[in-house]
Amino acid sequence: MEFSSKLLENAVNEMSQLPGIGKRTALRLVLHMLKQPEDQTRRLSQSLQQMRTEINFCAKCHNISDTQLCEICSNGNRNEKLVCVVEDIRDVMAIENTSQYRGHYHVLGGKISPMDGIGPGELNITTLVEKVKSGEVEELIFALSSTMEGDTTNFFIFKQIEPYNILTTTIARGIAVGDELEYADEVTLGRSILNRIPFETSLKSS
């Protein structure tokens, strides 16, 4: 792809680093921004810069937050003894949209995937085990995507917390095997949360 401007080329190259954005789409987006009022482009740039430098991760659940504790963890009406284990913030948002869950979350920040060089040490598993050890959790709900990586991560965590004898459940298989949680419709996901099953039962049936 030939560019008449090095500045344009640089912008397109940076934009094409985003997931799902190829060079042609990046060029279309950059040209679109060139046509917009300068203030609009400046606001976009400033909001991205501010997000990158000022955003926090909740000290309790690792969810993305503007403050030290996210709105869910600081909400006294939520059941902090019920903890739902998810991959990232997109899954928190998906479950929250169902309005069927009133507990807390624990965001792992990914799934165990040796092929991608992601082991247990790269995830927020240690802090989850510490929560369980402290006795502040009565039920742990595994809500990772029903993929090989998700099942591997569930099983690894299960073995880590098994000695502490707490209730461990997993969302019902209303979510098709291989599906990512964030793409499930709200009704199906809500029912999967409400109809969760003991994790050990899911091991026997898989």
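The values are calculated or read from the model by the stated rules, or taken from the named source; none is laboratory data. In this text the structure is predicted, and so the values were computed from the model without any measurement. Here the Cβ positions follow ideal geometry from the backbone for every residue, glycine too, while neighbour counts run over all protein chains shown.
Quick notes
- Lone qualifier among N97, N56 - being touching a residue at least 60 places away in the same chain (Cβ under 8 Å) and surrounded by fewer than 21 Cβ atoms within 10 Å (Cβ to Cβ): N97
- Of the residues making up the stretch 28-49, those that are part of a helix (DSSP H, G or I) and more than 20 Å from S4 (Cβ to Cβ) are E38, D39, Q40, R42, R43, L44, S45, Q46, S47, L48, Q49.
- Unmet requirement for R90, which otherwise passes all of (1) in a loop (DSSP other than H, G, I, E, B); (2) loosely packed, with under 15 Cβ neighbours inside 10 Å; (3) at pLDDT below 95; (4) not small (G, A, S): (1)
- Here G76 clears all of (1) more than 30 Å from P198 (Cβ to Cβ); (2) free of Cβ contacts under 8 Å to residues at least 24 places away in the same chain except the condition numbered (1).
- Filter result for the condition that a residue is closer than 22 Å to E130 by Cα and either of a type in the set (V, I, T) or outside the structural domain of A143 (by TED's automatic domain parsing) (or both), over C61, C84: C61
- For F156, the conditions (1) modelled with pLDDT of 95 or more; (2) under 27 Å from S74 (Cα atoms) are fulfilled apart from (2).
- Listed conditions (1) closer than 24 Å to I166 by Cβ; (2) buried (at least 18 other Cβ atoms within 10 Å of the Cβ) are all met by E139, apart from (2).
- Residue in the stretch 94-104 that is of a type in the set (D, E, K, R), more than 18 Å from F199 (Cα to Cα), assigned to a helix (DSSP H, G or I) and within 18 Å of the chain's Cα centre (by Cα) present: yes
- Subset of the stretch 105-136 (residues that are small (G, A, S), surrounded by 14 or more Cβ atoms within 10 Å (Cβ to Cβ) and outside any loop (DSSP other than H, G, I, E, B)): S113
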